[in-house]
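As structure tokens, the structure follows; a few thoughts come after it.
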């Protein structure tokens, strides 16, 4: 299962461990996206920085579109049309916000960002 990971918040005043985790994921700027294979190690890293990113299972159609925009393993995306969610980036996706695990709904977000 492949996961699309998108950074939704910037990097001011981050703790060193969180900054290092984002560097390992190669997500250095806001609205950057990477596609990774799901592993227990990766899921642990996602939990550590979940307040800065959103992720979910990507389908094959969206993955093909992202591969066209890929450069050095990182995909730069535009901000999403109509925003991230009703309550913004400070609230988890489960409470109608933006950050955290979106499961299949990540594909809708990516379509709005391409």
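The values are calculated or read from the model by the stated rules, or taken from the named source; none is laboratory data. This structure is a prediction, so every number in the text was calculated from the model and none was measured. A quick note on method: Cβ atoms are made from the backbone with ideal geometry, for glycine too, and the neighbour counts reach across all protein chains shown.
Scanning the range 15-47 for residues that are in contact with a helix residue (DSSP H, G or I) (Cβ under 8 Å, 6 or more places away or on another chain) and farther than 15 Å from residue 57 by Cα turns up 17, 18, 21, 24, 25, 28, 31, 45. Of all the residues in the range 40-56, those that are touching a residue at least 12 places away in the same chain (Cβ under 8 Å) and more than 11 Å from the chain's Cα centre (by Cα) number 3.
So, residue 65, is that one free of Cβ contacts under 8 Å to residues at least 24 places away in the same chain, surrounded by 12 or more Cβ atoms within 10 Å (Cβ to Cβ) and under 21 Å from residue 107 (Cα atoms) or not? Here the answer is no, as residue 65 does not meet what is asked. Taking residues in the range 78-106 that are at positive phi and without any contact (Cβ under 8 Å) to a residue 40 or more places away in the chain, and partners anywhere that are part of a helix (DSSP H, G or I) and surrounded by fewer than 17 Cβ atoms within 10 Å (Cβ to Cβ), the pairs with Cβ atoms closer than 8 Å and at least 6 places apart or on different chains are 82/112. Applying the criterion of being loosely packed, with under 13 Cβ neighbours inside 10 Å and at pLDDT 90 or above to the residues of the range 92-104, the residue that is farthest from residue 62 (Cα to Cα) is 103.
Name the residue that is surrounded by the most Cβ atoms within 10 Å (Cβ to Cβ), counting only residues in the range 1-18 that are in contact with a strand residue (DSSP E or B) (Cβ under 9 Å, 6 or more places away or on another chain) and in a loop (DSSP other than H, G, I, E, B).
Looking only at the range 1-18, we keep the residues that are in contact with a strand residue (DSSP E or B) (Cβ under 9 Å, 6 or more places away or on another chain), and these are 1-9.
Going one step further and asking which of them are in a loop (DSSP other than H, G, I, E, B), we end up with 1, 8-9.
Numbers: 1: 7, 8: 23, 9: 16.
Looking at residues that are in contact with a strand residue (DSSP E or B) (Cβ under 9 Å, 6 or more places away or on another chain) and in a loop (DSSP other than H, G, I, E, B), I get 8.
On the given criteria, is residue 21 assigned to a helix (DSSP H, G or I) and surrounded by 19 or more Cβ atoms within 10 Å (Cβ to Cβ)?
yes
Helices (runs of 4 or more DSSP H) fully within the range 26-114 that include at least 3 residues being within 19 Å of residue 11 (Cβ to Cβ): 40-48. Can you confirm whether residue 89 is touching a helix residue (DSSP H, G or I) at 6+ places or on another chain (Cβ under 7 Å), surrounded by 13 or more Cβ atoms within 10 Å (Cβ to Cβ), modelled with pLDDT under 95 and under 17 Å from residue 113 (Cβ atoms)? No: the conditions fail for residue 89.
So is residue 41 modelled with pLDDT of 95 or more and loosely packed, with under 13 Cβ neighbours inside 10 Å or not? Outline the logic, then answer.
Working: modelled with pLDDT of 95 or more: yes; loosely packed, with under 13 Cβ neighbours inside 10 Å: yes.
So residue 41 passes the test.
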